[in-house]
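First comes the structure, then the notes that go with it.
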Amino acid sequence: MHIREWPADERPREKLLGHGAAALSDAELLAIFLGSGLRGQDAVATARQLLAAHGPLRVLIERGAKGLSALPGLGPARACALSAALELGNRVLAADLARGEAMSDPSVAGRYFSQRLRSQPHEVFAALFLDTRHRAIAFEELFRGTIDGAEVHPREVVRRALAHNAAAVIVGHNHPSGSREPSAADRAVTAQLKQALALVDVRLLDHFVVGDGAAVSMAARGWV
């Protein structure tokens, strides 16, 4: 059965118009970009097949335009559209930070760290420096490591905070394995950073651990 023959409230486009994009599954969102499926399949079936073979969605999209264009059901035009959509999302989120608005919603910072660090093949530790009103001043990748670790030097974080005249700092790092669970070492570094920054009157607001899914806030767990 072709998608246009489905009940109206089950078709991806109509579902998006009626209930918003968040109501769609990963396969339904991907199907909207595909437009049509492989021979003998509708777009949703092809999207499900792509996700089963090359997913989950984050892994699939982060293949980049060249990698996507080689997959069945995509091709250069659709691959470019998917890559462009990902970059649009990244830029919208970056613009929220660049406008000088106060960081009133911690989840915004978590999403920003996720988008900046999640696709990194090695562990990267970064910091977002904020002014007295918790507006973004700068974002810097401070330390790079191996696939399973990065050495963090609290003194360097303090030095960069002073260079930016920051009043507060949010830090984050990725786990290339995809695990979002903070390790004992992550908790120890967080405590060291909080103590070192406090000596120069700079607050550590949060430490995000980036993996598959939403970034984990260590402040939300009471560890900052």
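The values are calculated or read from the model by the stated rules, or taken from the named source; none is laboratory data. It should be emphasised that the depicted structure is a prediction, and the values quoted were computed from it without experimental measurement. Note that we place each Cβ from the backbone using ideal geometry, even for glycine, and neighbour counts take in every protein chain shown.
Okay, here's what the table says:
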read-out	value
Any chance Arg187 is modelled with pLDDT of 90 or more, farther than 14 Å from Met218 by Cα and either surrounded by fewer than 16 Cβ atoms within 10 Å (Cβ to Cβ) or of a type in the set (Val, Ile, Thr) (or both)	no
Residue match in the range 93-109 (condition: of a type outside the set (Val, Ile, Thr), modelled with pLDDT of 85 or more and assigned to a helix (DSSP H, G or I))	yes
Any chance Phe125 is in contact with a His (Cβ under 7 Å, 6 or more places away or on another chain), closer than 19 Å to Trp223 by Cα, in a strand (DSSP E or B) and at pLDDT 85 or above	yes
Filtered residues of the range 34-70 (kept if exposed (fewer than 15 other Cβ atoms within 10 Å of the Cβ), in a helix (DSSP H, G or I) and hydrophobic (A, V, I, L, M, F, W, C))	Ala52, Ala53, Val59
Residue pairs meeting the criteria (Cβ under 8 Å; at least 6 apart or on separate chains; first assigned by TED's automatic domain parsing to the domain that holds Leu128 and more than 11 Å from Ala161 (Cα to Cα), in the range 192-221; second aromatic (Phe, Trp, Tyr) and assigned to a loop (DSSP other than H, G, I, E, B))	His207/Trp223
Test: Glu181 is within 18 Å of Met218 (Cβ to Cβ), among the acidic types (Asp, Glu) and outside any helix (DSSP H, G or I)	yes
Yes/no for Glu87 being in contact (Cβ under 8 Å) with a residue 12 or more places away in the chain, closer than 29 Å to Gly110 by Cα and among the charged types (D, E, K, R)	no
All positions within the range 185-224 that are under 22 Å from the mean Cα position of the chain (by Cα) and assigned to a loop (DSSP other than H, G, I, E, B)	Gly211, Asp212, Gly213, Ala214, Ala215, Met218, Ala219, Ala220, Arg221, Trp223, Val224
Check on His134, closer than 17 Å to Pro106 by Cβ and buried (at least 19 other Cβ atoms within 10 Å of the Cβ)	no
Selected residue (only one of Glu87, Glu28 is in a helix (DSSP H, G or I), under 18 Å from the mean Cα position of the chain (by Cα) and either aromatic (Phe, Trp, Tyr) or outside the structural domain of Gly110 (by TED's automatic domain parsing) (or both))	Glu87
The listed residue being outside the structural domain of Val210 (by TED's automatic domain parsing), at pLDDT below 85 and over 30 Å from Asp131 (Cα atoms), out of Ala8, Ala53, Ala79, Ala47	Ala8
Given (1) over 20 Å from Glu123 (Cβ atoms); (2) surrounded by fewer than 16 Cβ atoms within 10 Å (Cβ to Cβ); (3) of a type outside the set (A, V, I, L, M); (4) assigned by TED's automatic domain parsing to the domain that holds Gln120, index of the condition His164 fails	(2)
